[in-house]
Structures are given as structure tokens and as C-alpha cells.
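Notes for the one structure printed next.
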């Protein structure tokens, strides 16, 4: 029986790493992103290297029509793995950012994973199998603007759903990485030169850790000793200090 996994934001970074890991695990891959050329390039590479089947969904997930396209696919097909990875950041303070950009970020980081899971989970529970990994961030544990707030939603929802479907055969996990070497910061025009080298994570390594954690039933995966320490310290600090840390990181990225 063929197994299928669907990955949003599948053409680069963490999403691209997930497509390769899942192909190695003998899953056929549904790739979702906006860039049609890169989608087909990635799909062809997966077929050639791993011998898996692939399908491509060209969709702008900041739009209702793009999200609906993926929802319909999940409703009509059997998906055993859902990776909600698509996302981006805004390199401006909320008080001076464009409302359209803030709404697009909310759509992609909050509404899209919520909508896709709302379609996928009942089917997975009925079949008594499935894995959902929501790519959140350690930013969900601080107070750093709309991005941080959106990732907080995703982490908390993942934890809630992890408990809700416990014992059903379905695993839900939030991946909360720190700074990772991908295209994310370049696309957001964020200045990262001041960040120490030891704070950078490797996408393939954190994806492997996330997959392992999800399969053993961990609700939250925090790859990297440095970020485990950071989150542990943040949980002990007064929220006033946590807020200052979050906004301090935001200012360094501008």
C-alpha cells in the first residue's frame, strides 16, 4: 500500500528537508508552494533519487483559493503525513508595517495550518494512523511581534491536538527550531550578522530530530542544546524580562 505525505513550503529550507527525509522513509510526496518551476524541479529530483511518486500543488497559501485547493486535495485523498511548514517573517515593527502584510502572515502561519488540520485529523483518526508536524519556532516562547504571536498559536494548538487525539494512532507535534540556515532570513531581509555561529542549526538535522520526536509521541520538539537551554531559562524568567528579550531580538534583525 502506497503512503503519501503532504508538505507545504516544500521547495526550500525546512520544508525541502522534510521532503527528502520522508522520501527516504518511502513516502510518496505531495509538494505545495507558490513557485511552480521550483516545485517541478524538486518533485523530479525526489523521483529520480528516491524512486517515489510525487504530485505538485501550486498554491499561494496567503489566499483563500490557494488554501482551499490544498484542503480539497486532503479531503479527497489519503494523506498519512501532513507537514505544515509554509511561512515567512516581516522585518518591520507592527506599528509601521503594512496591514496587508500582517494579514498575509496571519493567514499563512495561523489560518492555513488550522484549516488543513481540520480537514486531515478526522480522516486520520478514522483510519487510526497519521502524523502531523507543525513547524513552529522558539519564537513562540517569547514576545517578538506578530511572528512570535502566530507561532505561539501554532505551538499551543499542536499541544492541544496532541492531547485530543491521544490513543487514536495519530501523532501531532510542534517543531520549535531556533535560527536555521535556510532562505527564510534572506527573504525577510533580516540582518543576522551579529548572531554567534553556535546558534545556527542545520535544517536536515533538526528535521530528523523532529520526525523522531513525533513518532515517539512528543508534543513539542526543540532541536539543539542551545535552544533547549534558552527555552528552559525563558520559562523561569519574569514575563517582563521575556518581553524585553523578544523585542531585543526583533530590533537586531532590522
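No value in this document is a laboratory result; all are computed from the given coordinates. These numbers come from a predicted model, not from an experiment.
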Subject >> Most mobile listed residue (86, 43, 126) in the chain, GNM with C-alpha springs under 10 Å >> reply: 126
Subject >> Mean-position separation - Cα centroids, segment 130-180 and segment 54-119, in angstrom >> reply: 15
Original post:
If you line up the long axis of helix 145-164 against the longest principal axis of the chain, both from Cα atoms, how many degrees apart are they, to the nearest 10?
Top reply: 50
Original post:
If one takes the longest principal axis of the Cα atoms in the chain, at what angle in degrees, from 0 to 90 and to the nearest 10, does the Cα axis of helix 13-24 lie?
Top reply: 30
**OP:** Give me the orientation-averaged projected area of the Cα convex hull of segment 4-252, in nm², one decimal.
**Re:** 13.0
Subject >> Max mean-square fluctuation residue, GNM over the chain, Cα-Cα springs under 10 Å, options 220, 96, 131 >> reply: 96
Original post:
In degrees between 0 and 90, to the nearest 10, how far off the longest principal axis of the chain does helix 36-50 point, with axes built from Cα atoms?
Top reply: 60
